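Only one structure is covered here, and it is reproduced in the block below.
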Amino acid sequence: MTRIVIVSNRVGPLTDTGRAGGLAVALVDVLRERGGLWFGWSGEVSEDGTYSPLRLYEDGNVSTATIDVAQADYDEFYAGYSNRALWPTLHYRLDLTDFDRRLEEGYRRVNERFASRLVPLLRPDDIVWVHDYHFFFLGETLRAAGVENPIGFFLHIPFPVPEVLTALPNHKDIVKAMLAYDLVGFQTSQHLSGFERYLLEEVDGERLEDGSIAAMDRRVVADAFPIGIDGEAFSTFHETTEGRENFTLMRSELETRKQIVGVDRIDYSKGLPERFEAFERLLELYPEHKGEVSLLQIAPPSRSEVRAYTQIQRLLEGLSGRINGRFSDLDWTPIHFITRSFPRRALAGIYRASAVGLVTPLRDGMNLVAKEYIAAQDPEDPGVLVLSRFAGAAEEMREALIVNPYSIDELAEALRRAIQMPLEERKERWTALNAKVMTNTASNWSRRFLDRLVEIHTPAEADG
Ligand code: ADP
């Protein structure tokens, strides 16, 4: 029987879907449907620097297999090359990159290590699906070890235009490694076109009749598969105790006031300082909103071992302190900046209580918060989504107020428009957006990808 084998940096959890992110839930769904194995990093760093035996966990027809990494691997592969070279480059932040050769070698070494630990676990009928920028080289290493199974790769973050990608010293190796997969999936047609342009213009590739592209002596099928969320869950979370408690708490506070909400990991790609400044500009330009509108930004720290992340957190603390000092009144604080995470059910209540969802990344693969905000709204009184044109989500979610996140003035005006939007227009926009969120679910997304992968790998003679 065909199994699905998923490889990703973070694994699980298989249970407790209230805690798991939307992606984890979707992947567990496919694994349960078809039976399978989830392989990746345990989240642990082995203290003695040796490689641990596999940690195995089984739950019905689904199992997980994880390994620890050594401290040097963590530093070079994860905190190093993944998050100091690949993440900033793919998010168009060449000013923040660190292209140390040692980090690049560590990245390769860990990719090879993961591949060699995976090989003995694979069965001939398995379908392998590798996730994200941590594992560009995994497929190539599996192929070199003789694995002939279908292997797909999905990139959750942006793929930039070739003019930016080529700043990466080993861009050719990375792209060549992507060609070892049978199918490469991107979040949007823009990211797909960055990849295709690279192949056609940078390395003289050729588009074949069947739509695949041949380049560097390999052949690949690439397409856009925009990811979705579990919309059903987010539309009903407000009925749970946690959802209701948070909604009621906020709404009683908000009887005569309106709240703008932002929910992000602290990351320089999320456009957070620009967001705070835009809110300040709104209060400067339209003082009538003082005391009436507040901004709630929920942003737990992430990757704090990378300097750019601690710097942006300090910047945000400074900005919110300054703006609050300038505009606060005895009974009103303009910016509520909370740096911890909330359970998903609580988030849904907070989204639902907020008149505006502010999602303004400078670059983002998709951005799931935009979709969660829409799914959590009250159909009779929905809020307004203000969405960056540089979020992958903007390709689908045209009915949001689409903004340029670099323009503080444009952002401030969009906030003003969102706050004042009449009920009828809010309903119209929300209805269109919600239909998309509810149709393109995370489960549909994974099915589309896997079906395509199987179809590509089916031998041609089967067609007769
Ligand atoms: P990224 O993957 O870059 O962090 P996304 O918007 O695509 O950005 O996904 C973020 C996910 O993390 C969403 O599902 C969101 O609900 C969740 N999340 C973000 N911030 C918090 C928080 N403070 N508490 C709980 N969940 C959060």
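The values are calculated or read from the model by the stated rules, or taken from the named source; none is laboratory data. These numbers were taken from a predicted model, which means no experiment stands behind them. Cβ sites come from the backbone with ideal geometry, for glycine too, and all protein chains shown count toward neighbours.
Restricting region 309-337 to residues that are more than 16 Å from Gly291 (Cβ to Cβ) and of a type in the set (Lys, Arg), the residue that is surrounded by the most Cβ atoms within 10 Å (Cβ to Cβ) is Arg322. Scanning region 258-276 for residues that are in contact (Cβ under 8 Å) with a residue 60 or more places away in the chain and either outside the structural domain of Ala308 (by TED's automatic domain parsing) or away from the ligand (no atom under 15 Å from the Cβ) (or both) yields Lys258, Gln259, Ile260, Glu274. Of note, Arg326 satisfies the criterion of being of a type outside the set (S, T, N, Q), over 25 Å from the mean Cα position of the chain (by Cα) and either away from the ligand (no atom under 16 Å from the Cβ) or not in a helix (DSSP H, G or I) (or both).
Give region 254-305 a look and list any residue that's touching a Phe, Trp or Tyr at 6+ places or on another chain (Cβ under 8 Å), small (Gly, Ala, Ser) and part of a strand (DSSP E or B), or say none. The answer is Ser294, and nothing else. Taking the criterion of being touching an Asp or Glu at 6+ places or on another chain (Cβ under 7 Å) and under 23 Å from Leu96 (Cα atoms), would at least one residue in region 167-180 satisfy it? Scanning region 167-180, I find at least one residue that is touching an Asp or Glu at 6+ places or on another chain (Cβ under 7 Å) and under 23 Å from Leu96 (Cα atoms), so the answer is yes. Scanning region 349-386 for residues that are more than 9 Å from the ligand (Cβ to nearest atom), under 18 Å from the mean Cα position of the chain (by Cα) and in a helix (DSSP H, G or I) returns Tyr373, Ile374, Ala375.
Applying the criterion of being within 16 Å of the ligand (Cβ to nearest atom) and farther than 17 Å from Val384 by Cα to the residues of region 277-300, the residue that is surrounded by the fewest Cβ atoms within 10 Å (Cβ to Cβ) is Pro300.
For region 221-257, residues that are within 16 Å of the ligand (Cβ to nearest atom) and of a type in the set (S, T, N, Q) total 4.
Look at region 417-444: where a residue is surrounded by 13 or more Cβ atoms within 10 Å (Cβ to Cβ) and a partner is charged (D, E, K, R) and not in a helix (DSSP H, G or I), sitting 6+ places away or on another chain with Cβ atoms under 7 Å, you get Ile419/Lys258; Arg429/Glu399; Ala432/Glu399; Leu433/Glu399; Lys436/Glu396; Thr441/Asp230; Ala442/Asp230. Scanning region 329-348 for residues that are of a type in the set (Phe, Trp, Tyr) and either within 9 Å of the ligand (Cβ to nearest atom) or within 21 Å of the chain's Cα centre (by Cα) (or both) yields a total of 1. Within region 17-50, restricting attention to residues that are modelled with pLDDT under 70 and part of a loop (DSSP other than H, G, I, E, B), the residue that is farthest from the ligand (Cβ to nearest atom) is Thr50. Of everything listed in (1) out of contact with any helix residue (DSSP H, G or I) (no Cβ under 7 Å at 6 or more places or on another chain); (2) closer than 21 Å to Phe225 by Cβ; (3) away from the ligand (no atom under 16 Å from the Cβ), the single unmet condition for His156 is (3).
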